[in-house]
Every structure is written in C-alpha cells, then in structure tokens.
1. Just checking, does segment 86-103 include any residue being out of contact with any Asp or Glu (no Cβ under 7 Å at 6 or more places or on another chain), at pLDDT 75 or above, on the phi > 0 side of the Ramachandran plot and loosely packed, with under 10 Cβ neighbours inside 10 Å?
2. If you scan segment 2-30, which residues turn out to be of a type outside the set (Gly, Ala, Ser) and at positive phi?
Amino acid sequence: MKPSQPLMARLRLTTKQVNGGYYKGNRTGSMGAFDKKGRYVLDYRKVRTYVVPEGLAQFNLTPFVTKSFQPTPTKYMKAFGRPRAFAAGDYIDLWKNTNATEVKILKENGGEFPEPKETAEEKETESFS
C-alpha cells in the first residue's frame, strides 16, 4: 500500500523529516527558564516533589521477600580458596608458579634479569645505519 497525500498529512512528523527544527524531547517539561544572562533558573513551582503518605510507619503490609530466607546454592557458585583479597605478594606467587624459567634466570643472576643479547639480525641492521 502506498499512502496517499491526505493520509500522509495525518501521520505524525518524525525527527528525520524536518531539518533540525523539530525536537521531540522526552516529554518531561521544563523545570525553569533562562534569564537574560543565559543562566538557567529553577522555578520551584514546576519541580516535581513526591509526598510520603501519612501513617507509613504504621503500615501493615510487608514485601513479598522475607529477610530470613537463606539463598540456595547453585552449581555456578563456588568458594574461592582465599579468605582475603588479592595482595601484592599473591601476584608475585602467581608469577613464580607460572613462569618457572624466568624465576630460574632471576635466581642465577642474583636477583636481576640479564640484558637482552643482540641477535645477528640486529647487528646487521646497526651496521647499515
């Protein structure tokens, strides 16, 4: 179906149909106005306030969830073996466990990593420059 001209006249405009002159907003309305210097001044008669109902302290209805309910464990939850947060020493231990060759080199050199050795390719590139 191709819409006719009278039908198109009755359809709402969209922001894509007008060149920058049609701003829909989100229907919240303004909470104030701009003064002569361009600053926004709140009009507290327009600001929405939410009034707490009277007698709320004596209200008898409670939420549907009880506070005494214990969460049921699932198969996706597992307890981690650390009773505390990860500290700096834990990262070092993790590095030692996963990088045994680096730790061995470090121990052989008295706690310092050796300088990287130049390869034959690096020597060739230095001689050309």
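1. Of segment 86-103, the ones out of contact with any Asp or Glu (no Cβ under 7 Å at 6 or more places or on another chain) are 86-103.
Next, from what is left, pick out any that are at pLDDT 75 or above: 86-103.
Filter once more, keeping what is on the phi > 0 side of the Ramachandran plot: none.
Taking every residue of segment 86-103 in turn, none turns out to be out of contact with any Asp or Glu (no Cβ under 7 Å at 6 or more places or on another chain), at pLDDT 75 or above, on the phi > 0 side of the Ramachandran plot and loosely packed, with under 10 Cβ neighbours inside 10 Å.
2. Initial filter on segment 2-30 (of a type outside the set (Gly, Ala, Ser)): 2-3, 5-8, 10-19, 22-24, 26-28.
Arg27 - this is the single residue of segment 2-30 that is of a type outside the set (Gly, Ala, Ser) and at positive phi.
The values are calculated or read from the model by the stated rules, or taken from the named source; none is laboratory data. All values derive from a computational prediction rather than experimental measurement. Every residue, glycine among them, receives a Cβ derived from its backbone with ideal geometry; neighbour counts consider all protein chains shown.
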